[in-house]
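Participant: Once you've had a glance at the structure underneath, I'll fire off some questions.
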Amino acid sequence: MQIKVSKNIRKIKFRCVKCGNCCKAFLYEKWRLELYGNEIEYLKKIGYRDFYYQRNGSFFMRTSSHGCYFLQGNRCQLILRHKWYPWNCSLFPLQLVKTAEAIEIRLNPAAEDICNGIGYGKYLNNRIKEIINQVKYFMTYGEPDIYGRRFYSRKDE
């Protein structure tokens, strides 16, 4: 299986401005945050329950009326308390789309409407190589490395 990168994302600038809109994207029904088995195990290990649901064999983050289960105000409680967050969260404003012949890295459709960080900071092209390496791990092991690099950490600011 090959990895494809959408041409348009290489020219997009992004810097997380901590608006919390990515965590509220679930409310717009354009995006569901997929979780992986090892992430669920980790979150249960650190004491969380009832934060996910299962649909068609996949796991997704549960939401509340304000967005993500872990969102308080505009801040992720997983980052604040544990300095960790799910891999798909770290990809935003990008997303992976799996097809029969490839995995495509593209701009998340919800990001186009709600992400206040698009147009600021560094070009996403600067992160593509790292993301591709993580996707290769994902393809080999079926889920992301639980302790692998999260792409928009405080180091990136």
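Since every read-out is calculated from the coordinates, none of them should be taken as a lab result. For clarity, every value in this text was computed on a predicted model and none was experimentally measured. Note that each Cβ is placed from the backbone with ideal geometry, even for glycine, and that neighbours are counted across all protein chains shown.
Participant: Which residues make up the longest stretch of the chain clear of chymotrypsin sites (Phe, Trp or Tyr not before Pro) that lie in a DSSP loop with no more than 13 other Cβ atoms within 10 Å, not counting the sites?
Facilitator: Excluding the exposed sites themselves, the longest stretch runs over 1-119.
Participant: Taking a quarter of the surface of the Cα convex hull of the chain, what do you get in nm²?
Facilitator: On the way: hull surface 36.0 nm².
Directional mean of the projected Cα hull area for the chain stands at 9.0 nm².
Participant: Enumerate by residue number the trypsin sites (Lys or Arg not before Pro) in the stretch 1-66 meeting two conditions: DSSP loop (anything except H, G, I, E, B), and at most 12 other Cβ atoms within 10 Å of the site's Cβ.
Facilitator: Taking the stretch 1-66 and a limit of 12 other Cβ atoms within 10 Å, the loop trypsin sites (Lys or Arg not before Pro) found are 49.
Participant: For the stretch 1-65, which GluC sites (Glu not before Pro) pass both filters: DSSP loop (anything but H, G, I, E, B) and at most 10 other C-beta atoms within 10 Å?
Facilitator: Loop-located and lightly packed - 29.
Participant: Another question about this same structure. Can you tell me the dipole magnitude for the stretch 38-157 around its Cα centre, using point charges on the Cβ only (Lys, Arg +1; Asp, Glu -1), in Debye to the nearest 20?
Facilitator: Working: 18 positive and 12 negative charges, 86 e Å.
Charge dipole of the stretch 38-157: 420 debye, to the nearest 20.
Participant: Just checking the chain: which Cys have no other cysteine's beta-carbon under 4.7 Å?
Facilitator: That list is 16, 19, 22, 76, 89, 115.
Participant: Straight distance only, please: which lysines reach the Cα of residue 4 with their own Cα at less than 23 Å, same-chain residues fewer than 8 apart left out?
Facilitator: Residue 4 reaches 13, 30, 98, 122, 129, 136.
Participant: Treat every Asp and Glu Cβ in the stretch 1-106 as -1 and every Lys and Arg Cβ as +1, leave all other atoms uncharged, and give the resulting dipole magnitude about the Cα centre to the nearest 20 debye.
Facilitator: That gives a dipole near 480 debye.
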